[in-house]
Structure formats: structure tokens, C-alpha cells
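The values are calculated or read from the model by the stated rules, or taken from the named source; none is laboratory data. Keep in mind it's a predicted model, so treat the numbers as computed, not measured. Neighbour counts are summed over all protein chains in view; Cβ atoms, including those assigned to glycine, are modelled from backbone coordinates with ideal geometry. To get the accessible areas, we keep the full protein, side chains included, count just its heavy atoms, and leave off ligands, DNA and RNA. Shrake-Rupley method; radii C 1.70, N 1.55, O 1.52, S 1.80 Å.
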Amino acid sequence: KTALPIMAGAKIAGLLASARLEHIEAVGDFGLNLGMAFQIVDDILDVVGDRTRLGKQAGTDIREGNVTLVAIHALNDGSTIDVAALSRLIRKRRKQEKEVQRALGLLRDSNAVDKAGADAFAFGQIAKKSLDSIVDSPAKANMVRLVDFVLSREV
């Protein structure tokens, strides 16, 4: 839900700048991978984030029944948590707050947050690598810094 609009925006910017097709594709790849990293970090923050810093209550994805990469990693990590309980909680349509907190606890107790963090980092590195064909410039440096910012968002 995030990666494709960022990719499209990056490609449009390349088109408006009359960039070569190779560079339009490069910034499109950058945008796609930046968007993937951003969404994963956002999903992590929804599990471990602080309400005052997030501007919203943690657990929105659980409340809405969204299966994020964090949840997928946790559901595949059957050795440390009650995967069946987590699956039931995610699928349940109407959840009481204690159920949301239980699901968040299961996510936190698994290795899912760390695994998703590694995935976000990998997408960030791919985003940076996609800019290799573009000549060094202040704009390119800012794009690289944007990746670092996305990956460093705090809870």
C-alpha cells in the first residue's frame, strides 16, 4: 500500500526532469524498495511503538486484522510463541483491548520484529544500490539519506 505510490512518484519525477529511461527505471526501483522498507518499519512501529511518538495507539494492524510481515514472521516462528493463539487473535473480527495486547505480546515475544527489521534494512540497501547508475549529486545524496532516515525511525 506504500511502495507502489512511492515508486510511481519517483518515476513521475524522473519523467518531469526529462531523465533518461535508465534513470527513470532506477529511481522507480529506488521508490519501490524505499516504500517496502518504509511500510515494514511502519508495521514494526505498530507493534513496538510508543503512542506519544507514533501519534496513534500501537496495535492498529491487529485491531483491523491486517496480516503484516511482522505477523507473518511470528506465525512462521512456532518454537517460541503460541502460533495458534496469535492466528486466532489476528483473524478475530471484534477484539477486546486485552486481546489486542495479548497479540502484541506474542509478536514481541517472537523473533518477528528483528526479522522484519532485517528485511527493512535489506530493502533499504536495495533502494540505495538502485541509484548506482545515477551520477553523484546533492539530489542523489538526499535520496540515500532518506533511506537512512526511514530505517532509523524510532519507536
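One table, with the values for the structure above:
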item	result
Qualifying position, being at pLDDT below 95, among the charged types (D, E, K, R) and out of contact with any His (no Cβ under 7 Å at 6 or more places or on another chain), among 102, 53	53
Sole exception among (1) within 19 Å of residue 44 (Cα to Cα); (2) assigned to a helix (DSSP H, G or I); (3) not basic (Lys, Arg) for residue 142, by number	(1)
Test result for residue 58, outside any loop (DSSP other than H, G, I, E, B), out of contact with any strand residue (DSSP E or B) (no Cβ under 9 Å at 6 or more places or on another chain) and either within 13 Å of residue 108 (Cα to Cα) or open to solvent by less than 80 Å² (accessible area, probe 1.4 Å) (or both)	no
Positions within segment 113-143 being touching a Leu at 6+ places or on another chain (Cβ under 7 Å), open to solvent by 40 Å² or more (accessible area, probe 1.4 Å) and over 23 Å from residue 68 (Cα atoms), in sequence order	143
Complete set of residues in segment 128-155 that are under 12 Å from residue 26 (Cα atoms) and among the charged types (D, E, K, R)	128, 129, 132, 140
Qualifying residues in segment 61-96 (those that are among the hydrophobic types (A, V, I, L, M, F, W, C) and in a loop (DSSP other than H, G, I, E, B)) - the one farthest from residue 119 (Cα to Cα)	81
Subset of segment 100-112 that is part of a helix (DSSP H, G or I) and not aliphatic (A, V, I, L, M) - its residue that is least open to solvent (accessible area, probe 1.4 Å)	105
Residue check for residue 85: surrounded by fewer than 18 Cβ atoms within 10 Å (Cβ to Cβ) and either in contact with a His (Cβ under 9 Å, 6 or more places away or on another chain) or without any contact (Cβ under 8 Å) to a residue 24 or more places away in the chain (or both)	yes
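Per-residue answers, yes or no, for (1) open to solvent by less than 50 Å² (accessible area, probe 1.4 Å); (2) in a helix (DSSP H, G or I); (3) touching a helix residue (DSSP H, G or I) at 6+ places or on another chain (Cβ under 7 Å); (4) touching a residue at least 40 places away in the same chain (Cβ under 8 Å):
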residue	(1), (2), (3), (4)
15	no, yes, yes, no
26	yes, yes, no, yes
29	no, yes, no, yes
38	no, yes, yes, yes
98	no, yes, no, no
